[in-house]
Amino acid sequence: MVQEDDNSLVSVVHPICCGLDVHKETLAACLLITGADGRIQSEIKEFATFTDDLLRLREWLAVNDCPVMAMESTGVYWRPVHNVLEGQVTVILVNARHIKNVPGRKTDVADSQWLAGLLRLGLLKGSFLPPQEVRQWRELARLRKHYQESIADFKRQVHKLLESSNIKLAAVLSDIFGATGRLILERLAHQDGIPDLSDLERGAGRPLRHKTQELRRAVGGFFTAHHRFQLCLLLRSIRQLEGQLGEVLARLEEQLTSHQELRQRLQVVPGISQVASAGILAEVGPSLADFRSSDALSSWCGLCPGNNQSAGKRKSGRSPVRSHPLKTLMVQVAWAAVKKKGSYYKDKFHRLRYRLGPKKAIVAIAHRLLKAVYHIIKDGAAFRDLGEDYLQRRHHPGRLNHLKKQAQLLGYQLIPATA
C-alpha cells in the first residue's frame, strides 16, 4: 500500500486568512498563518463592534498582511464589519447553514477557528454580495415593498371598521379607495351623521351614476364618533405612507436612470411592469457577472427544485431556499404573465396546472420567466414570445400518430383532409 501525502488531497488555498464569528456587541477573530514549512500559526483576538474597534481589527489584519476573511451572514450584524473592511480585505460572506460546527463544541472562539480552517483550505462558498450601488437599490426596493404591505394592512383595518359599523361600501364599490370611495370616506370621517351624497350623481363616473341610491343606503349604518375617530387616524396614516412610498419610488427611479434601456427590454417580457423591472435590477444588479448560468440564478433564489437523493431514491425535491425577495417578485410577475392573451406562458401554465396544481405550476412559470430575464440582462438578448400555439405545433406530429393508432384500433383509417 502506498501512502499519499495529505497535502495532495487537500491543498492550502489561502496561506494567510481570518475567520470571524460576529455577534451584536462582540466578535471573535482567528488569524491563521501558514509558514513555508507547512506549520500553522494561529492568533485569536476579540473585538467590540463599535466603529473604532472595527478599525483596530482592520489595522490588525493589515499588519499581518491578511488578504481574505470569512464570516457568517447572521442577520444585519455582519454589515458594520463589511462597511469597515470593504475595499481593504476580500470579504467572503458565508451562509450559516453551510458551515455548522459540531454540536457540543460550539463557542465563539471555536466557531472563528472553524471558519478560518475551512477558508484556509478553500472549502467555503461565498454568498452573492452585490456592489454598494446595487445594495442601495435593493434597500430602496425592499423599503417600497414594506410600505406597500403597511398600506395594505391599514386598508384592511378600514374595511374591518366599516363592516363593524354597518357601512357597506365594499358591497357597492369594487375599490373603496378609488376616487369615489375616498370621497365618501373623507365625508364619513369629517361629517356627523349620514354624509350628504347629493353631488355624487354629478361627480361620479359613468359606471357609478346608477348606483347613487345604493351608495346612500350603504352609508346608512351605525357610524358613531368612536368609529369616526378611528377612521380619521387610519386615513391619515394611509395618506402619510402613500406620500413616503412616492418618495421612495422617485428615489429608486432616479438611481436607475442610467439603466432605462435595460429596463425597457425587460418590460417586453409578459408580466414585468416598470416597478417589477426596478425590483429585479435591485435584487440581482445590471450585469449578473457572479452567476455562471441561469440555473445558478434560479437555485440562488429558490425557484428550482432541490437535490435530495440517497441510495438511488429521490426524496423531497423542495428547494432549501424557503423565502427570497426575488422569488416572491417573480411569482407575482408570473401571475400577471399567465393572464396575457396569446402568450406562451398562459398556455404552459394551464397545461402544468392540470397535472401539478396551480401553486407548483405558477412556480414553474416563474422559473421560465427568470431564465428569460437572465439572458436579457447577461447576454443582451431580445425577448421573443413563442406564442400560445407553440406547444400545440411542437406536439403536432406526436398527436397525429396517436390519433392514427386510435383510429386503427377502432377499424378506421385516418385520411388527411384535402384543401
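Just so it is clear, none of the values below were taken in a lab; they were calculated from the coordinates. No experiment lies behind these values; they were computed from the predicted model shown. Cβ atoms come from the backbone with ideal geometry, glycine included; neighbour counts cover every protein chain shown.
Which residue fluctuates the most in the chain, going by a Gaussian network model with Cα springs under 10 Å, if the choices are Asn308, Asn64, Asn401?
Of Asn308, Asn64, Asn401, the most mobile in the Gaussian network model is Asn401.
Non-local amide H neighbours of Gly387 (under 5 Å, H modeled in plane, Pro and chain starts lacking H): which ones?
Hits under the 5 Å cutoff: Tyr344.
Using a cut-off of 10 Å between beta-carbons, work out the net charge of the residues near Glu46 (Lys and Arg +1, Asp and Glu -1, Glu46 not included).
-2
Where a ≥ b ≥ c are the square roots of the eigenvalues of the C-alpha gyration tensor, would you call the range 13-113 rounded, which needs a/c under 1.5, or, failing that, prolate if a/b is larger than b/c, or oblate?
Oblate is the answer for the range 13-113, as a/c is 1.5 or above yet b/c matches or exceeds a/b.
Could you give the angle, 0 to 90 degrees to the nearest 10, between helix 274-284's Cα long axis and the longest principal axis of the Cα atoms of the chain?
Compared with the principal axis, the helix lies near 10 degrees.
So which aspartates and glutamates pass the test for Lys378, namely a Cα distance under 17 Å, with those fewer than 8 places away in the same chain ruled out?
Straight-distance partners of Lys378: Glu261, Glu283, Asp290, Asp295.
What order do you get for 88-97, 107-116 when each peptide is scored by the mean count of other beta carbon atoms within 10 Å, highest first?
107-116, 88-97
What is the antiparallel percent of DSSP beta bridges lying wholly in the range 13-120, to the nearest 5?
Once the DSSP bridges in the range 13-120 are tallied, antiparallel ones form about 65 percent.
Given H placed 1.01 Å from N in the peptide plane, which residues other than close sequence neighbours of Ala70 have an amide H under 5 Å from its amide H?
Here Cys18, Gly19, Leu20, Ile92 satisfy the definition.
For the range 13-120, what is the relative contact order in percent, using Cα pairs closer than 8 Å and at least 6 residues apart in sequence?
37
Quick one: angle between helix 51-63 and the longest Cα principal axis of the chain, in degrees between 0 and 90, rounded to 10, please.
40
Any idea what angle helix 108-120 forms with the longest principal axis of the chain, computed on alpha-carbon atoms, 0 to 90 degrees, nearest 10?
With both axes taken from Cα atoms, the answer is about 80 degrees.
Can you tell me which of 293-305, 174-186 comes out highest on packing, and rank the rest after it, using the mean Cβ neighbours within 10 Å?
Per-residue Cβ counts within 10 Å, averaged per peptide and sorted highest first, yield 293-305, 174-186.
Mind listing the phi-derived Karplus ³J(HN,Hα) values for the range 391-405, rounded to whole Hz, using 6.51, -1.76 and 1.60 with θ = phi - 60°, and x for any glycine or proline?
Result, rounded to whole Hz: 5, 5, 5, 5, 9, 4, x, x, 5, 5, 5, 5, 5, 4, 5.
With +1 on each Lys and Arg Cβ and -1 on each Asp and Glu Cβ, and nothing else charged, work out how big the dipole of the range 8-56 is about its Cα centre, in Debye to the nearest 20.
140
Using Cα positions and a limit of under 29 Å, work out the lysines in reach of Lys106, with same-chain residues fewer than 8 apart set aside.
Lys24, Lys45, Lys125
In whole Hz, with x marking every Gly and Pro, tabulate ³J(HN,Hα) for the range 64-74 from phi via Karplus 6.51 cos²θ - 1.76 cosθ + 1.60, θ = phi - 60°.
Values per residue, Gly and Pro as x: 8, 6, 7, x, 8, 9, 10, 8, 6, 8, 8 Hz.
From the backbone phi of the range 320-328, what are the Karplus-calculated ³J(HN,Hα) couplings (6.51 cos²θ - 1.76 cosθ + 1.60, θ = phi - 60°) in whole Hz, Gly and Pro given as x?
Couplings: x, 8, 6, 9, 8, x, 5, 4, 4 Hz.
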